[in-house]
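Data first, discussion second: the structure below is written as structure tokens.
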Amino acid sequence: MYTVGQSVKRIDADAKVLGTAQFGDDERYPGMLYLKGVYAKYAHAKILSVDTSEAEKMPGVAIVVTAKDIPCEKMIGEIFIDQYVLADDKTRYLGDVVAVVAADTQDQANEAAKHVKVEYEPLPVLSDPRTAIGNEQVINPDYPDNICGGVHALKGDIDKAFAESDVIVESHFETGHVEHAYIEPEAVNAIPNPMRPEVTITGSLQAPYNLRISVHRCLGLPMSQIIIRPSAVGGSFGGKIETAEAMAVRAALVALKTGRPAHYKLTREESITESYKRHPITFDLKLGCDKEGHIKGLKVNALGDSGAYINMSPPVMYKTATLGPGPYRMDALDYDAVAVITNNVHTGSMRGFGTPQAIFAMENTMDMMAAKIGISPLEMRRRNLLQNGDVSPCGHLLDFHEVSIRSVMEKAVKEMDYERKYAEIMEENRDPKRRKRRGLGIATSMRGASIGADGNGFDVSRVLIEVMPDANVHVNIGLVEIGQGLRTAQAEMAAEGMGVPFDRVTMGETDTSRSPVTGACIASRGTMMGGAAIKDACIKIHKIIADACAAVYKKPVDDIVFENDRVRFADMDISFPEAVKACYDRNMTPMAVGTYFVPVTNWDGHTGEPFYTYTYSCHVAEVEVDLDCGTVEVLKMVGCHDPGRAVNPDAVKGQIYGGLTMAEGMALFEDLGLNRKDASLKNRNYENYIIPTAMDVPENVPIIDEHHDPRTAFGGRSMGEPATEPGAGAITCAVNMALGKPGYLTSLPFDLDKVFFAGQELFGEEA
Amino acid sequence: MKYKAYYRPQSVPETVELLASLEGPVVLFAGGTDILIYAREDDRYADSSIVNIFGLPELQGITLLDDEIRIGAGVTHTEIEQSPIIQKYAKVLADACRTIGSLQIRDHATIAGNICNASPAADSLAALAILDAKIEYLHEGKPCELPLVDLIAKPYKTVLTDRDLVTCIRIRRLPEGTQTVFYKLGRRKALAISRMTIALLAHRAADGTVDDFNITVGATFPKPYTFPEINGILLGKKPDPARIAEIAQAISAKIPEIAGIRKSTTFKQPVCRNMTARLLNELFTEA
């Protein structure tokens, strides 16, 4: 019996469906203080003074903290330490918090926050990355040209490739800020220990060990006395890392200074103002092909808006440049992706991490090329997709696993009935008077699994597994459940790794005092990295149990097998509980820390092996555009993915359903309404920031196309990001096909007004 | 939510008495689906007495009269949407109410509340306008009445005082065979603030001539309007593509005329013309 590959019921399903799960904002502690942040009045200003005296005298107020109260370092960050927990010398964006008020009730804290007086000297606001580059106004003095990093991916001779091309297409595309739109706004609690300088932090926390470093850095506690226990997390999508961390440090500061628990949650408007977003990126592309449409070379200049803090910008640009070219064969690549510091809301990790934007730009350019050559978008892709033994756009020889993108794409187009529909639509769209016009779009991706070569050497995961005297296999792991179903997948892998039934396995809630330090649950690495650490721990425990069996049963154990709750060696066939009992009888401990790290890959900063392995995906969309009013109806979407091995197929499908919908929002609706004058965001709640409702979701069809990956422990790879990354590309290609002009609309989102005016320009005002 | 005082009277007479006795600003709280959102934005009700009239028995019920339908002021959007009377005799209003917000909002939001909030984007208003809605209310306890188009003065402002209590809305009871259409254009299919709505009703005599017609556009003008002169283009005539185009042209021309030329005009005017033409063509070619 193999547990991996079964759609077992999610272990957190009942608690979440019945409402007994405790989220950060549900928690209450005796003597708890409620916190409220005071936000920057200007996106860029010197702070001349902060006067908290009046606020401190307000009813119920216990303390008001500012940057001056932080005892050690003032800044945090996962890689680049530049984010102020509390704005100190100046404000850098409107989400900066200048002071935090703590009071007996939330109302008291809210009221007192209005009485914190801050004197500012406004500075020029930089809100456009194009003008921020080299601007005399510098936001972070460590980056005097306001450029905070990037990657220049290079392969082959791009000039030669273009010289040898028969057809060249040049294009320009732009994307905007996208909000993660988790249903639960950030909420954290910090509970001081009355016995010693120790704080326990709970709440909506995606990266507990990174938070522990931040608290250690700012407040100076030893790491063992900073205990992070994420609560049930109401969605994250990469979004509950740096913002929640800054909040948690502020809450811990209050808790340690007052000796009282601190409860700190954001309203939706605060969350949208303060939390980082998906990077807006502008792309200039040049694609060269021979006359049959075989790609010779691709040159891209991508400019990302990092916002006020660097956050994850350089690694995001790394994925834009290394994965943006897609799963296509090409002789030469010159992909330069650069991120710029501005006074906009900062940008960082979000499901896809720099690739949904790049795929949108690339796939629309592919369609422009197909039209120029006179072949269908499907044929264009068929002629260029990578296969086994090919070299990837960045120079990676793909000879270590099944390069399944052809199989994946063909399954997706078959489900869409693409070829029949394509012929039908091309025919009906010949009528220039037709007002409702359909279109089809295809987008593909190859997703580097886990962090990639820009993190060569530090991509590690760890787990602690303890087999209890009752043969219960207990797993403590710091890769957190953030709504994706990871705990269940981990339990399935632990059952298979240990050779026991699923119901012997229990999963501890993540607790940094019990689970060993591990990399965060990011970068589509939870299943793959967690699985490999779990396997390592199982192997180590098997060894301990084998030694015990050898001692107790006096038999050779070199052929020992753990399978199906049985342990077999020599002529013995005992149950797993008997084997565990042998262990405890001999005073041996069947407990182990499993560790896995990704082998260092060959990457020189521009070319080579940018990732250890890849996940292949294809989304196909069918849309109908109404020229009379500008609406776009997504009629059907297909998402076909190769997750290596689907650890829990229903959970994989869940990821795909959500990913397709998230892509639809990015493609058609989502717009934060950035005001470039003051860097403010107009659409700060879900009345104005439009995400798809259930009514907007089309027939979505998830397809799993498995090819076990020899480079992963259980053959599986993570599906978080692949599930959404090609979707916006597919939908936008479909809209542009419906408009009869590939690459016509170039900036996201393709909303009502843009589509209407495009129709007007291309087809006239009315039938 | 900050407020001065909160009251929950049990009847209309008690409410009238209470309103007369209160000092300072008063806020009549019906479903609360607008008020609670405003209260979250700022403390605008800090000095107000909140009078909760949700569920007052005299404000309930949908009744069929001889030529009209009486809708209690406290009737919710869900009740209107599901009412057999409205579905049979004023379907355009049921269709309009169905497009508003979410189910949870429609369960609580009342029809008089939607009118008195007077949002230019309110979805019920265009339908109420073409049904010649009249609003009955008590002013200092005395019954008064105003047509909807006169009750709303400008965006978010009616001519009522804060102590006037709307008791019911009377709308036309449409004769059998009347066709109606309610069209809503939003940025998504649910929970969307309308970019534009179109409400229309039409009846044709046995010989095919149009003997009853009323059309208006919502979420576009500062307050509800009807256009007798535009309706006249079709009244007494047989619908044909030229007349339909004339109506579409005329009603879309009202957008810059009434609302002034705004950034949205370049979108709304052609969309209004396109969709009016499409809806009328569909309506008159179907039957």
I need the helices of chain A that pass two filters: whole DSSP H segments spanning 27 Å or more by Cα along the axis, and mean Kyte-Doolittle score no lower than -0.5. A:526-553, A:649-668
Per residue of B:263-271, how many C-beta atoms from partner chains lie within 10 Å of its own C-beta, taken as a mean? 4
I'd like the projected area of the range A:460-597, averaged over all directions, using the convex hull of its alpha carbons. Report it in nm² with one decimal. 7.8 nm²
Fewest to most neighbouring Cβ within 10 Å: what's the order for A:LYS155, A:LYS653? A:LYS653, A:LYS155
Residues of B:183-196, mean number of Cβ from any other protein chain within 10 Å of their own Cβ, rounded to a whole number? 5
Taking every alpha carbon pair in the range A:620-702, what does the distance histogram look like in 5 angstrom bins from 0, in percent? 3, 12, 19, 18, 15, 13, 9, 6, 3, 1
Which of the peptides A:220-227, A:247-254, B:78-85, A:182-189 is most tightly packed, and how do the rest follow, going by the mean number of other Cβ atoms within 10 Å of each residue? A:247-254, A:182-189, B:78-85, A:220-227
How far is the Cα center of the range A:451-487 from the Cα center of the range A:606-635, in Å? 31 Å
Stokes-Einstein D (µm²/s) once Rh is taken as the Kirkwood radius of the range B:5-52 over alpha-carbon pairs, at 37 °C in 0.692 mPa s: 291 µm²/s
Give me Rg over Rh for chain B, both radii from the alpha carbons and Rh done the Kirkwood way, two decimal places. 0.99
Once the convex hull of the C-alpha atoms of the range B:179-286 is built, how many Å³ does it hold per residue, rounded to a whole number? 98 Å³
Can you give the FRET efficiency for B:ILE37 and A:GLU509, using 1/(1 + (r/R0)^6), R0 = 51 Å, r = Cβ-Cβ distance, to the nearest 0.05? 0.90
Debye intensity ratio in log₁₀ form over the Cα atoms of the range A:1-41, taken at each q of 0.18, 0.23, 0.32 Å⁻¹: -0.75, -0.89, -1.09
Hydrodynamic calc, the range A:38-142: Kirkwood Rh from Cα pairs, then Stokes-Einstein at 37 °C with viscosity 0.692 mPa s, so D in µm² s⁻¹ is 220 µm²/s
Which order do B:LYS184, A:LYS414 fall in if you start with the one that has the fewest other Cβ atoms within 10 Å? A:LYS414, B:LYS184
Could you rank the peptides B:142-148, A:300-306, A:353-359, A:399-405 by their average count of other C-beta atoms within 10 Å per residue, with the highest value first? A:353-359, A:300-306, A:399-405, B:142-148
Calculated P(r) tail over 21 Å for the range A:73-216, as whole % of Cα pairs: 68 percent
How many angstrom lie between the C-alpha centres of the range B:49-90 and the range B:99-147? 10 Å
Show that you can apply the helix-only estimate: for the protein assembly as shown, add -39,500 (n - 2.57) for every DSSP H stretch of four or more residues, divide by all residues, and state [θ] at 222 nm to the nearest 500. -9000 deg cm²/dmol
To the nearest whole number, what is the average tally of beta carbon atoms from other chains within 10 Å of the beta carbons of peptide A:683-695? 3
How large is the Rg to Rh ratio of the range A:409-488 when both quantities use alpha carbon positions and Rh follows Kirkwood? 1.32
Additional length obtainable on full extension of the chain from A:ASP145 to A:ASP585, 0.36 nm per residue less Cα span: 151.7 nm
For a protection proxy built on the mean count of beta-carbon atoms within 10 angstrom, sort B:262-272, A:425-435 highest first, please. B:262-272, A:425-435
List the chymotrypsin sites (Phe, Trp or Tyr not before Pro) within the range B:21-69 that DSSP assigns to loop and that have no more than 16 neighbouring Cβ atoms inside 10 Å. B:PHE54
Using Cβ counts within 10 Å as a stand-in for footprinting exposure, how do A:PHE237, B:PHE284, A:PHE597 rank, fewest first? A:PHE597, B:PHE284, A:PHE237
Note down the Stokes-Einstein diffusion coefficient of the range B:130-217 in µm²/s, whole number, using a Kirkwood radius over alpha carbon pairs, 20 °C, and 1.002 mPa s. 137 µm²/s
Contact order relative to length for chain B, counting C-alpha pairs under 8 Å separated by 6 or more residues, stands in percent at 15 percent
Report the Rg/Rh value for the range A:198-240, based on alpha-carbon coordinates and the Kirkwood definition of Rh. 1.00
Compute a Gaussian network model of chain B, connecting alpha carbons closer than 10 Å, and tell me which residue from B:LEU125, B:LEU36, B:LEU19 fluctuates the most. B:LEU36
Of all alpha-carbon pairs in the protein assembly as shown, indicate the percentage at a distance above 61 angstrom. 15 percent
Inter-centroid distance (Cα atoms) of the range A:649-702 relative to the range A:55-83, Å: 33 Å
Neighbour-limited loop hits for trypsin sites (Lys or Arg not before Pro), the range A:477-535 (at most 16 other Cβ within 10 Å; DSSP other than H, G, I, E, B): A:ARG514
Cα-based convex hull volume of the range A:652-695 per residue, rounded to whole Å³: 82 Å³
Spread of Cα-to-Cα distances over 10 Å intervals beginning at zero, given as percent, for the range A:544-641: 12, 22, 11, 14, 19, 11, 7, 4, 0
So for the range B:57-172, averaging the separation of alpha carbon pairs under 8 Å that are six or more residues apart and normalising by length, what relative contact order in percent results? 29 percent
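Only the coordinates and a few stated rules stand behind these numbers; no lab work does. On a predicted model such as this, the values are computed, not experimentally measured, just so you know. All Cβ positions, glycine included, derive from the backbone under ideal geometry; neighbour counts span all protein chains shown.
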